[in-house]
1. Can you confirm whether region 125-139 contains a residue that is touching a Ser or Thr at 6+ places or on another chain (Cβ under 6 Å), in a loop (DSSP other than H, G, I, E, B) and at negative phi?
2. Filter region 59-93 for residues that are among the β-branched types (Val, Ile, Thr) and open to solvent by 80 Å² or more (accessible area, probe 1.4 Å); which is nearest to residue 128 (Cα to Cα)?
3. Identify all residues within region 31-73 that are within 25 Å of residue 94 (Cα to Cα) and either of a type in the set (Gly, Ala, Ser) or over 18 Å from the mean Cα position of the chain (by Cα) (or both); write none if there are none.
4. In the list 169, 151, which residue meets the criterion of being more than 24 Å from residue 6 (Cβ to Cβ), among the small types (Gly, Ala, Ser) and not in a helix (DSSP H, G or I)?
Amino acid sequence: MVQRPDGHRILLAPDAWVAEFVAATYTFDEVLEVPVQVQVPDAGAAASSRWHVTAGPLEWAFEVGGRTPLGHTLRAVPGPVGRSLTMARITDRVARWALPGVRTLGSAGNDRLEWYAARDLHRITASTVTWAGEDLGRLADLDPPAEFGFSSTPRQPSLTTLTSTVRLSR
C-alpha cells in the first residue's frame, strides 16, 4: 500500500486474489497487479539487518534499528493471547494513547471486522526508496497519517511484526 503526498492511494498486489481481497478491505484510488518481492535477511528483524522490497514501480531498501521499549513489551505477550480479539479490544485503547493514529481494532469494510496483533517493533534507521526510478528523499516521520482503513502506522519509521485478522461477514 502506497499513499502519495497528494493523498492518492495505490495498492501493489502480487495477484488478482490479493488485489480483490485487500481492495475490499481497504480504500484505494488505484490497484496495480505487479510482481512483489521482499528479501529478508536470515537475521529477520534483528538490528542492523537490511531488507529490500520491490513491487512494480517501488524499490525500497531499509536498515532495521534496535527494538523499541514497546517492542520489548510486545514480545512478552504469548502468541495466542496476543492474537485474540479480546486482546485487540484491550490494546486498541493503549495504542490510541501511545501511538496517535494507530488502532488495533476496527471495521475492515464490507461488514468485516479486522484486528492487528503486533508482536515486535523496531526502529528503521536508514532507508532509500524510489518510485518509477525517482528518489523519494530522506527518511522522515509519517505526516500526515496514511489513510487506507481504520488505522495508520506509527509516526516514527518502524518495522512492526504483526498478524492481521479479518473476520468476514457470515
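The values are calculated or read from the model by the stated rules, or taken from the named source; none is laboratory data. Just so we're clear, the structure is a prediction, and the values are computed from it rather than from any experiment. So basically every Cβ, Gly included, is an ideal-geometry build from the backbone, and we count neighbours across all protein chains shown. Heads up: the accessible areas ignore ligands, DNA and RNA and are worked out on the full protein's heavy atoms, side chains in. Shrake-Rupley method; radii C 1.70, N 1.55, O 1.52, S 1.80 Å.
1. There is at least one residue in region 125-139 that is touching a Ser or Thr at 6+ places or on another chain (Cβ under 6 Å), in a loop (DSSP other than H, G, I, E, B) and at negative phi.
2. 73
3. Matches in region 31-73: 45, 65, 66, 69, 71, 72, 73.
4. 169
Conditions (1) assigned to a loop (DSSP other than H, G, I, E, B); (2) free of Cβ contacts under 8 Å to residues at least 24 places away in the same chain; (3) open to solvent by 40 Å² or more (accessible area, probe 1.4 Å); (4) over 17 Å from residue 158 (Cβ atoms), marked per residue:
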residue: 6; (1), (2), (3), (4): yes, yes, yes, yes
residue: 23; (1), (2), (3), (4): no, yes, yes, yes
residue: 45; (1), (2), (3), (4): yes, no, no, no
residue: 48; (1), (2), (3), (4): yes, yes, yes, no
